[in-house]
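To keep things clear, I will list the structure first and then write my remarks on it.
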Amino acid sequence: MKYLFFDVDGTLLGKSRHITENTITELHQLKDKGHHIFICTGRAPTSIVSGNLERVPADGFIASAGGFVKVGNKFIFKNYMNSDILTEVITLFVNHKVLFALETEKAIYQSPGVNEFFDNMHHREFGDNVELQRFFELKREKENRVPLSEFDPAKIGVTKVAFIATDRYQFLDIVQYLSDYFNIVTFSSENDDFINGEIILKDCTKADGIKRIMNYYHADMKDTIGFGDSMNDYQMIQECAIGVVSQKAPEKLKALGDYFFDDPDQDGIVKVIHEMNL
């Protein structure tokens with residue numbers, strides 16, 4: 001019996017934003033063989049609702065890159081930022097014109113400009129593809145993305161903060177203030193004129209979430225397999241007994257891989273599972 005942990009974006013989902021039918025079938029076959037399947041994502045819990053993710057026969061999930069851990073219908077771990085530190089982060093971001101989104105259990109609270117940034121980015125990537133435009137509109141509604149003005153720091157816990165710095169140098173000015181408390185993960189390339197990424201509390205990574213699940217089952221890390229494609233999967237791939245990494249991943253992550261998968265939209269996950277003889 002193995003415990004399989006799947007990242008979502010870039011791993012289960014390709015550019016189509018949907019899991020292929022063959023992948024869904026393969027995951028069900030893995031379950032029938034007695035393996036455990038978990039979604040292990042940087043997404044907030046409220047974001048695990050799109051791209052037909054509900055069809056994954058998952059035993060639970062790790063969300064917000066380790067901030068929430070759920071087995072079955074039970075949260076076994078929730079982690080929240082210190083409110084004073086969060087206030088400092090918000091102040092830093094506002095003063096340096098960094099767009100941001102506060103990830104919580106039931107909603108994502110966005111500063112003004114976040115939706116417009118992603119709308120423009122999607123338009124550049126997909127043009128006038130009406131179907132994909134509709135997909136992103138529905139995804140936004142399902143994720144319960146709401147204005148920052150509705151956020152009440154006295155009542156709502158924040159686990160992770162996603163950010164978009166349209167001025168790279170403004171963001172680099174504040175990295176020194178963030179690095180003491182957070183792991184800073186970026187997704188943009190050096191050729192982009194912006195920096196986007198997320199800040200995650202230290203000692204609260206996907207790997208920590210996996211360890212909590214394995215402790216819950218009284219199972220051994222030697223039975224873990226992690227599937228990922230980006231640097232917020234680094235600790236997961238590092239700690240799992242077997243790391244399965246996207247061919248398009250950064251070289252630093254690929255250096256940890258034991259197996260490699262191609263485009264998820266072309267059944268890359270199915271092919272690598274067959275290669276592994278799971």
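The values are calculated or read from the model by the stated rules, or taken from the named source; none is laboratory data. All values derive from a computational prediction rather than experimental measurement. Cβ sites come from the backbone with ideal geometry, for glycine too, and all protein chains shown count toward neighbours. Side chains included, ligands, DNA and RNA excluded: accessible areas come from the protein's heavy atoms. Shrake-Rupley method; radii C 1.70, N 1.55, O 1.52, S 1.80 Å.
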Over the range 203-267, with the other protein chains present, what is the accessible area per residue in square angstrom, probe 1.4 angstrom? 46 Å²
Give the Debye-formula value of log10 I(q)/I(0) at each listed q (0.07, 0.08, 0.16 Å⁻¹), with one equal scatterer per alpha carbon of the chain, two decimals each. -0.24, -0.32, -1.36
Considering only protein heavy atoms and a 1.4 Å probe, what is the carbon-and-sulfur percentage of the accessible area of the range 164-224? 42 percent
Residue-normalised 222 nm signal for the chain, counting each DSSP H run of n ≥ 4 as -39,500 (n - 2.57), nearest 500 deg cm²/dmol, is -9500 deg cm²/dmol
Filtered trypsin sites (Lys or Arg not before Pro), the range 182-244: DSSP coil and at most 15 other beta carbons within 10 Å: K202
Please report the antiparallel percentage of DSSP beta bridges with both residues in the range 175-278, rounded to the nearest 5. 40 percent
Excluding same-chain residues fewer than 8 positions from K15, which lysines have a Cα within less than 16 Å of its Cα? K139, K248
Taking 0.36 nm per intervening residue step and subtracting the Cα-Cα distance, what contour gain separates R17 from A241 on full extension? 77.8 nm
Cα shape, the range 1-71, gyration tensor, a/c 1.5 rule: oblate
Would you mind calculating the gained length between T91 and L148 on full extension (0.36 nm times residue separation, minus the Cα-Cα distance), in nm to one decimal? 19.2 nm
If the chain between R212 and D193 were fully stretched, how many nm would it gain, using 0.36 nm times the residue separation less the Cα-Cα distance? 3.0 nm
Here, the range 1-120 modelled as identical Cα point scatterers in vacuum has Debye log10 I(q)/I(0) at q = 0.14 Å⁻¹ of -0.70
Using only the Cα atoms of the range 188-274, build the gyration tensor, take square roots of its eigenvalues as a ≥ b ≥ c, and label the shape rounded, prolate or oblate: rounded if a/c is under 1.5, else prolate if a/b is larger than b/c, else oblate. oblate
Projected convex hull area of the range 47-89, Cα atoms, direction-averaged, in nm², equals 4.0 nm²
For the chain, find the longest principal axis of its Cα atoms and tell me its angle to the long axis of helix 130-142, 0 to 90°, nearest 10. 80 degrees
Exceeding the 32 Å Cα-Cα cut-off - candidates K155/K252; K74/K252; K106/K271; K160/K254; K206/K271: K155/K252; K74/K252; K106/K271
Env charge @ V89, Cβ radius under 15 Å, K,R +1 / D,E -1, value -3
Based on the mean of other beta carbon atoms within 10 Å per residue, what is the order of 32-43, 170-181, 54-65, most packed first? 54-65, 32-43, 170-181
